Amino acid sequence: MIPALIRDEVAALHEQIGRANRAYYEFDAPELSDAEYDLLFRRLQALEAKYPELQAADSPTRRVGGVPATHLPKHVHLRPMLSLANAFSDEDLVAWEQRNAKLAPAARTAGYTLEVKIDGTAVCLTYARGALVTGATRGNGAVGENVTANLRTIDDIPLELRGTGWPALMEVRGEVYFAIEAFRKLNLRRVREGEPPFANPRNAAAGALRQLDPAATRSRRLRCFAFQVVPIDGTLAATTHHEVLATLGQWGFQVEPHHARCPDMGAAIQRIAELEAELPSLPFGADGVVVKVDPRNLQEALGNIGDREPRWAIARKFAPDVAVTRLLDIGVNVGRTGALAPYAVLEPVELGGVTITSATLHNEEVVAQKDVRVGDWVEVIRAGEVIPKVVGPLRERRDGSEAPWIPPDRCPACGTPAVRYPDEVMRYCPNPLCPGRTLEGIVHFASRDAMDIRGLGEERLRQLLEAGLIHSMADLYQLTVDQLVKLDRFASQSASQLVAAIAASRSRPLSVLLYGLGIRHVGKTVAQALARHFGSLDRLRHADADAIAAINGVGPTIAAAVRAWFDEPRSAMLIDTLISHGLTTVEPGERAEPGALSGKTFVLTGTLPTLSRSDAAVRIERAGGSVSSSVSRRTSTVVAGEAAGTKLDKARQLGVEIIDEAELLRRLGPPA
């Protein structure tokens, strides 16, 4: 008899892994780190091994990937694209070799080829008589998405093969990736432009491949390593995998440059240890080494395990940077919009060569779902991420002294009662002058999409705050050259230029000012709609919620947030001060022309692969549509990107159409 607790755990693991697979393969928006996913997957494998009757036909351990997305043409692979089994230790590799030797004794002495495992997205390239005819994503392993036009923009992928000896029809498998330095520069540019950075290179690369506009893919400067040839019509002269890689290079492909042939498992393990030390310095993301039985005839003899993985190849995954430490407390950061974000205060622990004292906990729902308690021993992970995060508690080490965390009912920075709005996972401080919101709020106010105060970046603002020269965005307009030149790194010229840039921002229109104020739910498009409808700040600040909600693309949720902001006495004081400094409080009368999306209301959620939310909103508005910050039954379409939140869930509940950026671009048509 299998205990009910075991059955429940297996069912829960099915749900968690299935949801993670859909997020990763179908939406390019992983919910779990690789380490978290691997822990769940290995636990399910262990339970199914112990209780074979629990391994259902649709178990995640029997499947590859997820269903292909619907917005791109489908492509049926000529041969299935399988995933790899994982080895997490040298002992796992030895056990894998022993299993293979039972089927083919020559496996012990045939030799192995090693390749660094690229952290990218798998693609399949079909060549007919040496010419690229189709390029596709992996999809579910049998059916992927046809992204030929996008793959043609990648310089590492030859459109016509060099040399000779290729099969008349074949598939070349490869990994598309984003070079680390190029990804870093892209994110720096996005931050400078006031856009959220992409989460990681892998997601940015996957998102770029799925665009309908090849120019968007080209702009990312993606790279590609080829690693396998699958003959369909004709044969391949290479008799070993090592020769296959050399052949791919002769045909014009790039192959992983650290690949090496090892005569036996002992030599392979030694080389893997050397490669593990080199991974942090590589110019591309990598999380392990792929070990492949070298002779191709032996690969064929070993075959595959069902439709999931080949027996002749395995990924030696390296443990991400993980540490176990004590969670001393849960603190709260106050963000630009007043969002109260919990973070873990940790007993200092070394993680990846850095002493870690804090880690993100995202929001109070995550704390509740993971059941993280003050006093817990917790696992902390970096896994290539800049900000450490708590994976979860070690419940078996609890002694009863651990205390559940109670979210604050007041802002920890200013004491204002916190509020939690419907359908929100965060609590908020409604005080616009809260010191906890000041730095990020003024950074946003001065950003290019807002008041566009050139030369006023985060470091200079921090300097001004620490010197006591400013306490709010309104104080910027009282700064003088004499005050600035007394500070470090300010010469007379740079001080004069900054004062002039601040003065020039006074003429920015009302819509920009509204956006810069950081009112919850008021992005660029909503700010424009408010400014155009009311025409002046005075009319808007005295309008009731119903009048605001009646504006196309606004609705009751945004209206309530706007009204609540203006009703806050400290907001009124801020507005009065800004007006006294001569800022523009009227909006030029411009309206978007009707177009392809006329009469449609859109909601944007998550991070889009190539467009910033403001860019997407502008294009929607130019095509005659409107953009709202909340989902309701009046919403026509939700455009979902990476890390979409509760808006996506509400859209599903209400049956609202959900599309991605690529479908939005298709409906918009080519830019004017």
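Quick notes on this one:
- Contact map, the range 421-442: first residue among the small types (Gly, Ala, Ser), second residue crowded, with 16+ Cβ neighbours inside 10 Å and assigned to a strand (DSSP E or B), Cβ cut-off under 6 Å, separation 6 or more or different chains; pairs are 436/334.
- Count of the range 211-226 residues, restricted to those that are within 28 Å of residue 245 (Cβ to Cβ) and either modelled with pLDDT under 80 or surrounded by 18 or more Cβ atoms within 10 Å (Cβ to Cβ) (or both), is 8.
- Among residues of the range 227-246 being crowded, with 16+ Cβ neighbours inside 10 Å and out of contact with any helix residue (DSSP H, G or I) (no Cβ under 9 Å at 6 or more places or on another chain), the one that is nearest to residue 83 (Cα to Cα) is 230.
- The range 420-441: number of residues that are closer than 22 Å to residue 366 by Cβ and either over 28 Å from the mean Cα position of the chain (by Cα) or assigned to a loop (DSSP other than H, G, I, E, B) (or both): 8
- Given (1) modelled with pLDDT under 90; (2) in a loop (DSSP other than H, G, I, E, B), index of the condition residue 156 fails: (1)
- Those helices (runs of 4 or more DSSP H) of the range 601-672 in which at least 3 residues are within 19 Å of the chain's Cα centre (by Cα) and modelled with pLDDT under 75, considering only elements entirely within it, cover 613-622.
- Options 138, 162, 108, 129; residue that is within 25 Å of residue 201 (Cα to Cα), in the same structural domain as residue 253 (by TED's automatic domain parsing) and basic (Lys, Arg): 138
- Test: residue in the range 247-255 that is at positive phi and either surrounded by fewer than 20 Cβ atoms within 10 Å (Cβ to Cβ) or in contact (Cβ under 8 Å) with a residue 24 or more places away in the chain (or both): yes
- The range 385-405, subset more than 29 Å from the chain's Cα centre (by Cα) and assigned to a loop (DSSP other than H, G, I, E, B), residue surrounded by the fewest Cβ atoms within 10 Å (Cβ to Cβ): 400
- Looking only at residues in the range 539-572 that are aliphatic (A, V, I, L, M), free of Cβ contacts under 8 Å to residues at least 24 places away in the same chain and not in a helix (DSSP H, G or I), the one that is farthest from residue 634 (Cα to Cα) is 543.
- Tabulated pairs, the range 273-284, first in the same structural domain as residue 180 (by TED's automatic domain parsing) and free of Cβ contacts under 8 Å to residues at least 24 places away in the same chain, second surrounded by fewer than 11 Cβ atoms within 10 Å (Cβ to Cβ) and not in a loop (DSSP other than H, G, I, E, B), C-beta under 8 angstrom, 6+ apart or interchain: none
- Set side by side, the residues 31, 36, 48 differ, and just one is charged (D, E, K, R), at pLDDT 60 or above and surrounded by fewer than 18 Cβ atoms within 10 Å (Cβ to Cβ), which is 31.
- Those residues of the range 443-459 which are within 25 Å of the chain's Cα centre (by Cα) and without any contact (Cβ under 8 Å) to a residue 24 or more places away in the chain, in sequence order: 457, 458
- Candidates in the range 511-564 are the residues that are hydrophobic (A, V, I, L, M, F, W, C) and in contact with a Lys or Arg (Cβ under 6 Å, 6 or more places away or on another chain); of these, the one that is surrounded by the fewest Cβ atoms within 10 Å (Cβ to Cβ) is 545.
- When each of 441, 468, 455 is tested for being within 25 Å of residue 563 (Cβ to Cβ) and either surrounded by 20 or more Cβ atoms within 10 Å (Cβ to Cβ) or outside the structural domain of residue 333 (by TED's automatic domain parsing) (or both), the lone residue that passes is 441.
- Within the range 450-485, being part of a loop (DSSP other than H, G, I, E, B) and among the hydroxyl-bearing types (Ser, Thr, Tyr) holds for 472, 480.
- Residues of the range 141-185 satisfying the condition of being touching a Phe, Trp or Tyr at 6+ places or on another chain (Cβ under 9 Å) and among the basic types (Lys, Arg): 162, 173
The values are calculated or read from the model by the stated rules, or taken from the named source; none is laboratory data. Worth saying up front: this structure is predicted, and the values here are computed from it rather than measured. Cβ sites come from the backbone with ideal geometry, for glycine too, and all protein chains shown count toward neighbours.
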